[in-house]
Structure formats: structure tokens, C-alpha cells
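Worksheet: one structure, shown below.
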Amino acid sequence: MKKACGLFAFGVNQKGEAMSQPQVRLRPISEKDLPNFVVWFNDPEVAQFMKRESGGFTLEIEQEWFRDTVCAADPAKQRFWAIDTDGVHIGSCALNGDKPNQAAFGICIGDKNYWGKGCGKAALQEVLRIGFQEMNLHRIRLTVFTNNQRGMRCYEANGFRYEGIDAQAFLKRGVWIDVLRMAILRDEWEAIQAPPQQGLCQIGPEILDEVLAVWKTCELWPHAREDRASASHALAMNARTSAGWRVDSKLVGTATGAHDGFRGWLYRVAVHPDQRRQGLATKLVSAVEERLVQAGVRQINLMVVQANDEAQALYKSLGYSFMEAGLMRKRFNI
Ligand SMILES: CC(C)(COP(=O)(O)OP(=O)(O)OC[C@H]1O[C@@H](n2cnc3c(N)ncnc32)[C@H](O)[C@@H]1OP(=O)(O)O)[C@@H](O)C(=O)NCCC(=O)NCCS
């Protein structure tokens, strides 16, 4: 029998732009909410990014799910919430703890009038607080279809990191869809709540504006046709092999690292002009090197333009040397 299931249908600005956050309230699901679920889950547009397909949801099915799953849930492991804003029931979300101190997150903003208003992002923020503070979780994960751009931006903005892609792992409406795996660890969430005032810090899409301000000042952003969404995506992909530096709580430096399992790459090593020649880039690159080596990297490459004497001096001081290799490029007009 078909079970109700809420997943991944809501919106944030497609460009990942900062939006004023609506007030949402999470509350226990009640029987009175079930007719809304029937309407939402039977709507093909709402179900487009959900694993369950629309159609066939009845009140009886929802009542059975409510009785057997929601009411029977052990709150230490599994929680379901209705999402309200302005007193209106607009969706639902859940944490499903299936391993010790770990849970999977799922959400559906079923009322389409509330898509694109930041409600999913606000609800997720509260879920993360409950998951890490009240349920003592160590890790919260989720999966999202790669064609669900709004969902991905929302998860990125709340600090979820990309962990991998399950290629063509789901057949939806006759098309095999790639499924992204994302997760946030307790340490990562805590660092977002209270970033250090001084020294090494994590960087990610959750502080996109701060990161872009540093890159802009250092003339490293935007490159041709790069936008906020691509920067946010790149930060989420590489957050665990990247680092930032704060002085008096202000972000003043970054270094990002990526790798293919053997060879690593250093990108966007940047230190605010007011903070240069104090060894910050050295510390940032060293931190990223350590993370890349831990990830199995045995060699790190980087690209530096001929005229950038400061950067060349930095990298040479850190043991990097020029290779006998040409740089090749192909641009795509997309
Ligand atoms: C390159 C950059 C990141 C260096 O940051 P930084 O924090 O000043 O670097 P550090 O203080 O760690 O410098 C370490 C070493 O690099 C070398 N170095 C850095 N800046 C230098 C400069 N202007 N002239 C000569 N050597 C320099 C020195 O050997 C220095 O050691 P020292 O101060 O003991 O002599 C910074 O200048 C920057 O953000 N530039 C703009 C962005 C950029 O070009 N990034 C690189 C893209 S590939």
C-alpha cells in the first residue's frame, strides 16, 4: 500500500540570493492536517521532486500512515512536523533516525503559494537545531534529485555538504535521475551557529556573502559568467577541503581545495589587502593541504597568472614549483 512521504519541494531564490526569512513554526502533525496531504501529494507539480509519485493518495492511506508511522514514532529517533506560517499549514518535514545518532531529513512545502519564499530554509534551520540539540544527532543526511535546483540551494544555504552522486539512481516519469547525497555534521552546524572570532574557520554557502566579499576585494570573483549559484555550489562541494580565516569575527581570507582522489587543486587563495604579509595565506594553504592529504591526495596543483608576483612568491615559499606543462582551456557557450 502506498505510504505518504514528504520530500524536497520548496523554493529559495534560484540564484541563491539572500532573502528575508519568513517566520515558520514546526508543530506535531494532527489528523486535521491529513486532507492537505492528500491534496498536495496528488499534485504532480508538488510531487515532481519527490520519490513517491502523485496520484492514488487517499485520506484512508494518510490516516493509516498517521496511525502506524507518526503516532507510533519514538521521538528520540523519529520526528514528524507540520510546517505553519502566518497560521497557515503549508507543508511537512521529518527526521528519520535509522542509525545511532544519525537521521535522514525530508521536507515538502505542499502549498505552492509558499514556494520561493524561504519557508523551506527556515523550517530546515529549526529542524537542524532540534536534531543536534534535542535529539543529540551527530549527522543529518538527505538525498535530492540533481534537477531540483531550489532544493539544492536551500540545503547548501543551511550548511549541507555534498558527499556524492548516485548516478541514475531513480526512475522518475520515465527518466533516470541522478541523486545527490548531502549531509551536515554536528561540528559543522555548531561552527555555523558560533563562528570563531579569530583564526581558522569553516567556509561554505551558509556564509556566501562574506566569502564573495573577500573574493571581490581580492579580484578573484566573478570570473566570466560565474554567478552566486555556481559559487554556492562550488563551496558546498568543497567545504570540507577548504578553510577561512577570521580577524575580529570578520572573514579576511579563504583557500579552497578540491580533488579527484589522487591529485588535488588549490583555488581562491585570497587574503584581504589590510591583512597581508602576516602569514595568513600560509596558514590557510597549510590547512587545506592537510585536509586534501587526509582525503588521499598525493600531489597538489594550482594555477597562477604570470603577472601575479605576490601569489608566485607565496606558493614558492610553500614549496610549489612550476611544472613543464601547458595550460589548455575550452569554453562552453551555455
Ligand atoms: C597572494 C596572497 C594570497 C598572499 O597572502 P598573504 O597572507 O599576504 O601571504 P603570507 O603572509 O602568508 O605570505 C607568505 C609568503 O609569501 C611571500 N609573499 C607574499 N606576498 C608577497 C609580496 N607582496 N611580495 C613578496 N613576497 C610575498 C613571502 O615569501 C611571504 O613570506 P614572508 O612574509 O615571510 O616574506 C595575497 O596577496 C592575495 O590575496 N592576493 C590577491 C589574490 C590572489 O592573487 N590570489 C592567488 C591566486 S592564484
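Each residue of segment 217-293 gets 103 Å³ once the volume of the Cα convex hull is shared out per residue. Calculated on C-alpha atoms, the gyration radius of segment 57-148 divided by its Kirkwood radius gives an Rg/Rh of 0.97. Each residue of segment 125-139 was assigned a 3J(HN,Hα) from its phi angle through the Karplus expression (A = 6.51, B = -1.76, C = 1.60, θ = phi - 60°), giving 4, 5, 4, 5, 4, 5, x, 7, 8, 8, 9, 6, 6, 9, 7 Hz with x at Gly and Pro. Rounded to the nearest 10 degrees, the angle from helix 280-294 to the longest Cα principal axis of the chain is 60 degrees. Looking at this model, which pairs from LYS283/LYS316; LYS32/LYS172; LYS99/LYS121 are more than 22 angstrom apart at the alpha-carbon? Listed pairs above 22 Å: LYS32/LYS172; LYS99/LYS121.
In plain terms, the residue of LEU124, LEU251, LEU59 with the fewest other Cβ atoms within 10 Å comes first and the most crowded comes last, giving LEU59, LEU251, LEU124.
For the pair segment 51-103 and segment 141-192, the centres of their Cα atoms are 20 angstrom apart. Phi angles across segment 72-83 convert, under the Karplus curve 6.51 cos²θ - 1.76 cosθ + 1.60 with θ = phi - 60°, into 3J(HN,Hα) values of 8, 5, 7, x, 6, 10, 9, 9, 10, 10, 8, 9 Hz, Gly and Pro given as x. Note on ARG263 and ILE165: the model spin-label points, each 7 Å out from Cα along the C-beta direction, lie 2.0 nm apart.
Of the residues MET135, MET328, the one with the fewest other Cβ atoms within 10 Å heads the list, and the complete ranking is MET328, MET135.
Among rounded, prolate and oblate, which fits segment 133-216 when a ≥ b ≥ c are the square roots of the eigenvalues of its C-alpha gyration tensor, a/c under 1.5 means rounded, and a/b larger than b/c means prolate? Judged from the Cα gyration tensor, segment 133-216 comes out oblate (a/c at least 1.5, b/c at or above a/b). As a size descriptor, the averaged projected area of the C-alpha convex hull of segment 253-314 was calculated at 4.1 nm². The listed peptides 73-86, 235-248, 100-113, ordered by packing as a protection proxy, come out as 235-248, 100-113, 73-86 (highest mean of other Cβ atoms within 10 Å first).
Quick one: work out Rg over Rh on the C-alpha atoms of the chain, Rh as Kirkwood radius.
Value, to two decimals: 1.02.
What is the angle, in °, between the Cα long axis of helix 228-238 and the longest principal axis of the Cα atoms in the chain? Nearest 10 is fine, range 0 to 90. Between the helix axis and the principal axis of the chain, the angle is about 80 degrees.
Here the Karplus curve 6.51 cos²θ - 1.76 cosθ + 1.60, taken at θ = phi - 60°, turns the phi angles of segment 38-52 into couplings of 4, 5, 5, 6, 8, 8, x, 5, 5, 7, 4, 10, 9, 5, 6 Hz, with x standing for Gly and Pro. A simple spin-label model places pseudo-atoms 7 Å from Cα toward Cβ; at SER286 and GLN21 they are separated by 3.5 nm. Using a simple spin-label model with pseudo-atoms 7 Å out from Cα toward Cβ, ALA213 and ASN136 lie 3.8 nm apart.
With the helix formula -39500 (n - 2.57) applied to DSSP H stretches of n ≥ 4, the chain reaches a computed 222 nm mean residue ellipticity of -7500 deg cm²/dmol. Rg and Dmax of segment 199-327, based on Cα coordinates, read 13.9, 42 Å.
Each value in this text was obtained by applying a stated rule to the coordinates, not by laboratory testing. Given the structure is predicted, the values throughout are model-derived calculations rather than measurements. Ideal geometry is used to build each Cβ from the backbone, glycine not excepted, and the neighbour counts take in all protein chains shown.
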